[in-house]
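Novice: Pasting a structure here, questions to come.
The values are calculated or read from the model by the stated rules, or taken from the named source; none is laboratory data. The shown structure was predicted, so the numbers you read here are calculated from the model rather than taken from an experiment. Cβ sites come from the backbone with ideal geometry, for glycine too, and all protein chains shown count toward neighbours.
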Amino acid sequence: MSHQEEIKDLLSIVVREGASDIHLSEGRHPMIRTNGTLLPLVKKDVLTHEAIVGMLKVMIGEDREKVFVQQKEFDFSYKLDDNARFRGNAYIQQGYYSIALRFIPKQIKTIADLNLPPMLETFARKKQGFFLVVGPVGQGKSTTLASMIELINQERSEHIVTIEDPIEYVYDQKKSIIDQREVGIDTDSFENGLVSVLRQDVNVILLGEMRGHETMAAAVTAAETGHMVFSTLHTNNAAQSIDRIIDTFPAGQQDQIRVQLAASLSGIFSQRLIPRISGGMVPAYELLVSNNAVANLIREKRAHEINTVIETGMQDGMIDMNRSLADLVRRGEISIESAYQHSLNPQILERLL
């Protein structure tokens with residue numbers, strides 16, 4: 001079997017089994033992640049160095065494989081066929097080559113399909129602002145943003161530009177023009193892509209990830225100047241996200257970014273994917289809706305009080321993570337143990353249960 005046939009065979013298993021990820025490492029059987037659990041493909045051979053290198057060259061080409069050898073890690077995307085793409089990361093661990101690949105379905109699910117709150121549609125319909133989807137790695141942030149971009153694509157005639165590393169979901173243009181730019185191929189960096197996008201008659205910007213204060217400053221400025229900006233952060237909740245953004249800046253610039261963020265922020269959505277009792281995964285979430293009270297807390301260096309605003313802000317559409325977890329338990333979707341594992345404040349969760 002050729003290396004191309006080998007990678008096609010393995011990735012087809014991911015699609016067929018409904019897995020989210022596959023791990024390829026020297027000296028191990030291939031492993032897939034299904035419903036949050038890693039399972040070895042014991043009927044497949046233990047992978048050799050030659051097999052890993054061969055499959056990597058198929059997916060990224062020989063020139064980029066040489067870049068990987070120099071940098072010792074490499075992000076990429078790979079198209080299996082017209083219905084399946086994968087986001088990949090090649091890396092070296094203890095001198096051995098490894099590849100992690102995440103399945104990106106062609107079909108972009110709706111907000112309702114993903115069991116997400118309808119309130120997200122309100123943010124997708126905004127013309128200006130800054131909206132963040134946050135959470136640890138592998139919690140569905142990119143999928144949530146894709147559902148919001150697709151809603152815009154279906155409803156409005158806008159110019160949407162995405163800046164990603166690598167490109168994940170690929171959109172079929174409907175009412176909107178959608179230009180997708182990959183860092184390292186179509187633009188040198190997130191920051192460069194953001195600076196130039198302001199000269200491209202753009203309405204909506206999707207920034208795959210905010211890295212560094214230069215990128216964050218450009219994103220906030222874009223939101224201030226009449227654009228709708230969507231992005232992600234690897235943070236746990238809304239309050240932590242605000243602190244992370246501000247703390248990224250040098251001390252002399254923090255007051256300025258605090259004022260800009262208070263003025264431009266539309267909302268922050270934090271989500272976790274939790275094993276469902278009946279099988280599969282179900283999201284629990286927190287939603288901060290920025291209002292005058294939230295803006296004042298940001299300006300006054302009191303972001304730690306935002307958790308209380310969320311807990312008492314249901315009338316404004318806010319959603320508290322513990323209430324979301326408790327609701328899933330009451331509906332029989334998740335176990336009490338899972339709820340406690342994913343709560344950032346178990347004492348409050350205990351009172352809700």
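Novice: Pairs please, first residue from segment 52-78 and aromatic (Phe, Trp, Tyr), second anywhere and assigned to a strand (DSSP E or B), Cβ atoms under 6 Å, 6+ apart in sequence or on different chains.
Specialist: Close Cβ pairs satisfying both conditions: 68/74; 68/90; 74/90; 76/88; 78/86; 78/88.
Novice: Looking only at segment 325-343, which residues are surrounded by 17 or more Cβ atoms within 10 Å (Cβ to Cβ) and either at positive phi or not in a helix (DSSP H, G or I) (or both)?
Specialist: Passing the criteria: 333, 334, 343.
Novice: Follow-up question, since we're still on this one. So which residues in segment 11-51 are without any contact (Cβ under 8 Å) to a residue 24 or more places away in the chain, farther than 14 Å from residue 98 by Cβ and not charged (D, E, K, R), if there are any at all? Talk me through it step by step, then tell me what you get.
Specialist: Narrowing segment 11-51 to residues without any contact (Cβ under 8 Å) to a residue 24 or more places away in the chain: 16-18, 28-34, 37-40, 42-43, 45-48, 50.
Still in the running and farther than 14 Å from residue 98 by Cβ: 16-18, 32-34, 37, 39-40, 42-43, 45, 50.
The answer is 18, 32, 34, 37, 39, 40, 42.
Novice: Condition first: in a strand (DSSP E or B) and at pLDDT 95 or above. Now tell me which residues in segment 104-113 satisfy that.
Specialist: Taking segment 104-113 as the starting set, the residues that turn out to be in a strand (DSSP E or B) are 104-105.
If the condition is that a residue be in a strand (DSSP E or B) and at pLDDT 95 or above, then no residue fits.
Novice: Okay, moving on. Restricting segment 294-324 to residues that are polar (S, T, N, Q) and assigned to a helix (DSSP H, G or I), which is surrounded by the fewest Cβ atoms within 10 Å (Cβ to Cβ)? Spell out how you get there, then give the answer.
Specialist: Our first condition is that a residue be polar (S, T, N, Q); within segment 294-324, this holds for 296, 307-308, 312, 315, 322, 324.
Adding the requirement that they be assigned to a helix (DSSP H, G or I) leaves 296, 307-308, 315, 322, 324.
On the way: 296: 12, 307: 21, 308: 12, 315: 6, 322: 25, 324: 23.
This residue is 315.
Novice: Follow-up. Scan 223, 239, 284, 217 and give me the residue that is within 27 Å of residue 160 (Cα to Cα), crowded, with 22+ Cβ neighbours inside 10 Å and either free of Cβ contacts under 8 Å to residues at least 40 places away in the same chain or in contact with a helix residue (DSSP H, G or I) (Cβ under 7 Å, 6 or more places away or on another chain) (or both).
Specialist: On the way: 239 fails: within 27 Å of residue 160 (Cα to Cα); 284 fails: within 27 Å of residue 160 (Cα to Cα); 217 fails: crowded, with 22+ Cβ neighbours inside 10 Å.
Going through 223, 239, 284, 217 in turn, the sole match is 223.
Novice: Same structure, new question: Quick one: is residue 174 assigned to a loop (DSSP other than H, G, I, E, B), among the charged types (D, E, K, R), closer than 18 Å to residue 202 by Cβ and in contact (Cβ under 8 Å) with a residue 24 or more places away in the chain?
Specialist: Values: assigned to a loop (DSSP other than H, G, I, E, B): yes; among the charged types (D, E, K, R): yes; closer than 18 Å to residue 202 by Cβ: yes; in contact (Cβ under 8 Å) with a residue 24 or more places away in the chain: no.
The answer is no for residue 174.
Novice: OK, next. Among all residue pairs at least 6 apart or on different chains, which show Cβ distances below 9 Å where the first residue, located in segment 130-159, is free of Cβ contacts under 8 Å to residues at least 40 places away in the same chain and the second is in a loop (DSSP other than H, G, I, E, B) and surrounded by 22 or more Cβ atoms within 10 Å (Cβ to Cβ)?
Specialist: As it stands, the answer is 143/169; 146/169; 147/116, since those pairs meet every condition given.
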